[in-house]
1. For chain C, what is the charge dipole size about the Cα centre, in debye to the nearest 20, if Lys and Arg each add +1 at the Cβ and Asp and Glu each add -1 at the Cβ?
2. When the Cα centres of region C:193-263 and region D:75-140 are compared, how far apart do they sit, in Å?
3. Report the charge-dipole magnitude of region C:120-218 in Debye, nearest 20, computed about the Cα centre from +1 at each Lys and Arg Cβ and -1 at each Asp and Glu Cβ.
4. What residue among D:311, D:261, D:323 has its Cα farthest toward the positive end of the dipole of region D:221-369, where the charges are +1 on Lys, Arg and -1 on Asp, Glu, each on the Cβ?
5. Work out the mean other chain Cβ neighbour count within 10 Å for the residues of C:253-266 and drop it here as an integer.
6. Would you work out the Kirkwood radius for region A:126-233? I mean one over the mean of 1/r across all pairs of different Cα atoms, in Å.
7. May I ask for the net charge around residue A:109, where only other residues with Cβ less than 13 Å from the Cβ of residue A:109 are counted and Lys, Arg are +1 while Asp, Glu are -1?
8. Given the rotation that superposes chain D on chain C, what residue of D brings its beta carbon nearest the axis, and what is the distance in Å?
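Since every read-out is calculated from the coordinates, none of them should be taken as a lab result. Because the structure is predicted, anything quoted here is derived from the model rather than measured. When we count neighbours, we look across all protein chains shown, and the Cβ atoms used for this are built from the backbone with ideal geometry, even at glycine.
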Amino acid sequence: MDFHQDPAIEEFRNMVRCVIAEELPAEMAERQKAHGGTNSVVADTLAWTGKMNARGWSVPHWPVEHGGTGWSAMQNYVFMAECSSAFAPEVCWGATHMCGPVIYTFGSEELKERFLPDFREGKYYICQGFSEPSNGSDLARLRTRAERKGDKYVVNGQKIWTSCAHESEWGFFLVRTNPDVKPQAGISFLMIKMDTPGVTVRQIPMINGDAELCEVFLDNVEVPAENLIGEEGMGWTYAKFLLDHERTTSSFIFQNKREFARAQRLALRETIDGTPIAHTAQFQQRMARIEAELTALEWSVLRELANEDFKYDRTAAASTLKVAGSQLQQTISELQMDILGSKATRFYPYPQKDREDAGPLWPDDLGGRTAQALIARASTIYGGTLQVQKGIIAKLAFGL
Amino acid sequence: MDFHQDPAIEEFRNMVRCVIAEELPAEMAERQKAHGGTNSVVADTLAWTGKMNARGWSVPHWPVEHGGTGWSAMQNYVFMAECSSAFAPEVCWGATHMCGPVIYTFGSEELKERFLPDFREGKYYICQGFSEPSNGSDLARLRTRAERKGDKYVVNGQKIWTSCAHESEWGFFLVRTNPDVKPQAGISFLMIKMDTPGVTVRQIPMINGDAELCEVFLDNVEVPAENLIGEEGMGWTYAKFLLDHERTTSSFIFQNKREFARAQRLALRETIDGTPIAHTAQFQQRMARIEAELTALEWSVLRELANEDFKYDRTAAASTLKVAGSQLQQTISELQMDILGSKATRFYPYPQKDREDAGPLWPDDLGGRTAQALIARASTIYGGTLQVQKGIIAKLAFGL
Amino acid sequence: MDFNRSDLQRMLHDSAERFVNEHYSLEHRRSLRAVQDGLDTAGWETFAELGWLAILVPEELGGLSGCMADVSTLAEVLGSRCVTDPFISSGVIAPTILSGASTSQEDLLGEIVGGTARVALAHDEPNERYAYSQPRATMLAASGDGYTLSGQKMMVLDAPSATHVIVTATGPSGAALVLIPMDAAGITTDAYALYDGSRAADIHFDGTSVAAEAVLADGDAASALLSLALDRARVTALAQAVGSMEAELDICSAYLKEREQFGQPIGKFQSLQHIMAEMFVETHQARSILYYALSRLDGGYSPDECAKAVSLAALRVSQAAQLVSRQAIQLHGGYGVTDEYEVSHHYRRQFILEKTLGDMDYFTRRLSSL
Amino acid sequence: MDFNRSDLQRMLHDSAERFVNEHYSLEHRRSLRAVQDGLDTAGWETFAELGWLAILVPEELGGLSGCMADVSTLAEVLGSRCVTDPFISSGVIAPTILSGASTSQEDLLGEIVGGTARVALAHDEPNERYAYSQPRATMLAASGDGYTLSGQKMMVLDAPSATHVIVTATGPSGAALVLIPMDAAGITTDAYALYDGSRAADIHFDGTSVAAEAVLADGDAASALLSLALDRARVTALAQAVGSMEAELDICSAYLKEREQFGQPIGKFQSLQHIMAEMFVETHQARSILYYALSRLDGGYSPDECAKAVSLAALRVSQAAQLVSRQAIQLHGGYGVTDEYEVSHHYRRQFILEKTLGDMDYFTRRLSSL
């Protein structure tokens, strides 16, 4: 075992930090800082991707021949950590971490040329059409049907929880191309332009006042057959490939670290009977335990990045990151709420017009906190519920 | 709703308290106070039952014609609360709350005369033979076989978790008299004298150093047919009757209150850096939450005693008392451990010879605390595990 | 002891249940967000007609001389539908303070009972959360025959639809409770919504004139009255939370039977059954400790004993509400975090109930100080 | 970074695993209760033969100059079989203090490495729990060329089988670490067992003579050396706890497949599967934060940074150990609380590991003071 961090990594971190400081506009960081939803403002995401692309850094984790930087896993980790703690906008995850990798791994040359440059440049937003109203945790039972008719697929069905569908130019969809084989075998991976006739988007009003997630209705949507990625019937395999590809993402380690640091700042400012909350024994005890959990999570991520020999199935470790990381998001947002006390009850999202009127009683850094805490209830639901993750662990680690 | 306590109850409480003060020998209370196991010292149990019987109070909850006092449910509750907080020995629960009620409800006159006076007087200890090694939570699958041969039953099988079997004169057993009907229907309730040839008892060494629980091996044990209680095949019905009869017992409300009060006393004596633990914010917070849970539990018991109209199946409420009460036993004993800190690690049961040698560094009130905390791990196991109770609630309250 | 409803309570409960079922549909509640001051005018008229605003008003002042157990019966039903109408302010806090005031407030109480006046309580200040010894940001100064009031209050619940506000201030004789009409000169309000749709405001007083008879109480009497009013308000909030949790049990158990995944109703999964069982246990314990708090408030116990009971009950109910409202969302999956399912509304309502009159941290500290 | 074992660590791990599997059966461990001082003599000889007592001893003093990651590798295996031999005292604390002492302790270190000397640390005092600023009950007074030691120590782990004891005391120059042979005059010991079968003693010093060279360190140097030794000891205990938890995962998953109830292996029940999954997550997180602590202790970080790392790790590992050891019993039902099943031994061992060198309350307070 060797736990020494390569000193070159700290140099790299400083270099990244300087670049971000140079590139990230203050008002963009402010918007991100006060944002209470899951995704960043789409315009910021695209603008930031463009800025990073100009540096050659918009898709650092991609293979070099497709525009990646060739950084090590640890360098990529440091880059993402620094972007997060500087409040840079999120990237368009669907493009850079899901659809992009599927295209460069399984797609034709034609598809690569058509999409990968746009994804790198942040030319438009793309959305993900996997879940359906009836399938929830049971993804393989998806019903959206794509029938091949000549050089087209005709798609009928309904998707749900599609982030920013209303602001997306393209979407990547899992559709059923063959209903006569076992559920997993009949699924294909299809690109659909969101302005195709028959595509209707409804934004879903959420618990935190946002409406970023959408329902997408597909009614006889005609999709050119060339929009199929890879082979017909292999969609399930590609979706699983994505899962294996992104083992540490579900830890939400960057967000968890950033939000815990924010809680620490808030606790130093908010007072009880004249004492900063950070100095009361109750909160010290609570924050110590959360910091311990956060530190454990970070080292669990480092173990994964360093490709530790692991006695159990690696997917069990990925589910562990998800179980711990998703609950930690909730724990930290609850901590923020308790630090803010009654102030947390105000409907105070950002960006919102009324924020300007709020005056000095309501510091900027309250904006978005409660919205974030409310939507954090979903962190143990999306991407496989807490219960599904536990089932995976029991099965893969113990054969139960 | 009327939450006023009848003032007569307070008078009754004072009267009971005076009687206990008069009757309870100091050294008996001391032994009970320092006892770390589930059951009291058997000799104390029998002696105390005898003393109470002389007052006519040994089985106050029984029907008056069988020696009960005719007290109200609330009076019985107060009586038990006072006995517990004064550290009176436990009664022989099997005699007074299980076998006794089954005999006076379902037994013949002959059986009533034979056993009830002995139970009232605490003439001997009796033990319970329900569980078997293979059936655990799944009681109905018991295998111990009793075959009728002439005027005898010949019993073969094995029982486990039989409290104080090695000190018992009699045991009451659930045995299978008919293997050809559905599991619940073929069970009977049988009295077996523990010195009958073929009965072998093995004490099981436990996590806390005790060996009160036993295995009972039954090898061609010949039991007179007149020892059958009630009808053959009705044993399961009688066992369920016991459950319905004792809805609030599983809350362990008396023990929980007494042990929380003890934790409060210990927390005032033990210090950290010169400050009593009871005055540190960490422990105050923790103790406040435990006190809240304890208070809720007590009022849940009061609701049951007062026969509240209840929207759900009453058995779901009884399981609720068990779920909350069993976990509270663990929570309170963990609290005691944390108050004692490193002192809790010492093997320091009572009564033990080495206690006399311990000297002033080791106050008497440490005796038995850890033994109690260790065996408290069983509180969510016996009498239907936590998981079994939750299943009952889901089924009976919600039809799931 | 008797845990069953009295005849009055049964009437109260049944009429309330009928009314909220008819009136407070999810759609109706969502539509109230567009109403300027958040008040459901038609709903509030019914509150008055059904006598709900008279429960805590003494008979001699035109009320019902009811007890907190009566209030709780009603509040549970309001909680079951996440009703955010200003009942706690005008039906509990105001009657308690006004009927205990040193100056007669019979007229205003009459208007409250009739539904034409609504009274908010302004207590929180910047940097002063929940209860605290003495206002520092709001001062009452003698001026001629009366006084002037200056200072800053925050998070005044139900202020936007209120006709009057009772203000805590530090005056010449220490603590003071002062009654001010919302249209008095020298008042600036900044109104906003909370996450459950209820409304609050920050209020700035800039030398507002206060007549001598508008001082409802001062010194220890003011502190005692405030404390009583707040403890009653808290228990009313706890009762709403219990009602909300019990409603969630019904909603969730029905959903588990209806929603299918992996080819069967999700209620067949043992892990979800156990979550429901845990929600049941928490809700049961919450109702039990609510009874304990009611027994103290209605039983003539000392203020300290009441404070202890309310604090313990708040700790236990909050813990239960957190578990139940969180798991109710978890059981609903993604739908649970939309604005279109009841459970997200219960979650927000319980969050606001937990955080507005004192949170778990506050009640822990309060218990330590008793 | 590399989380895989070095060649040395692999050897250490494999030989340890072989040894504990052969030697430390449940029956053997239970039989050690009857041994007067609790020491497994044959086992301890093997500890010495395999070089385990030399890991932290510097090469120039005849040791292996190993690091805490090496110690952890071994300790995890010891933990997997609840081995209670005095490794932490003689393999970690004593080498740390003796090799950092101001007087040469080469001879004693040689005896420790050879297995013929065993050294306990006497620090806890009546009313002083875990670490604290300065001993108050144990005083070192100048006397002729040397000193005399008087006072009272409690809960001296592994004292009954020790040949020497290092005592913390307050002396003429403040804190002091003093080495005393257990057979010195003026020592009274009261020995007892802990609940996991390990031994400890209370030791009373009544004017015990101390030669000048027996003062190993004084003043700030003594405090720093004590702090380092205790933090190393704590991390060794954490490693044992992690090994114990991982063993419990194996034991429990096997039991769930074997034990049948309601006509099927109990591992088919989703509620128990989820408990196993939670145990897995806790154990995984515990191992991760153990690595963090090791990275600080082995990485040349400041004492405060080490203190923070050890404290955070102790909080997280203790929390995990509580959940895992409690649920391991729950999964076993009644058998789990008997002395005849492994899980009850793991429970007791983890309880003792958690409580002897600092509990969660202590580490929380320590973090607040950094």
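1. On the way: 27 positive and 48 negative charges, 239 e Å.
Value, rounded to 20: 1140 debye.
2. 58 Å
3. Working: 4 positive and 12 negative charges, 29 e Å.
It comes to approximately 140 debye.
4. Value: D:311.
5. Details: counts 5, 1, 0, 4, 3, 0, 2, 5, 8, 7, 2, 0, 1, 5.
Neighbouring Cβ atoms belonging to other protein chains average 3 per residue here.
6. 13.8 Å
7. After counting each charged neighbour, the total is -2.
8. Smallest Cβ distance to the axis, with its residue: D:270, 2.
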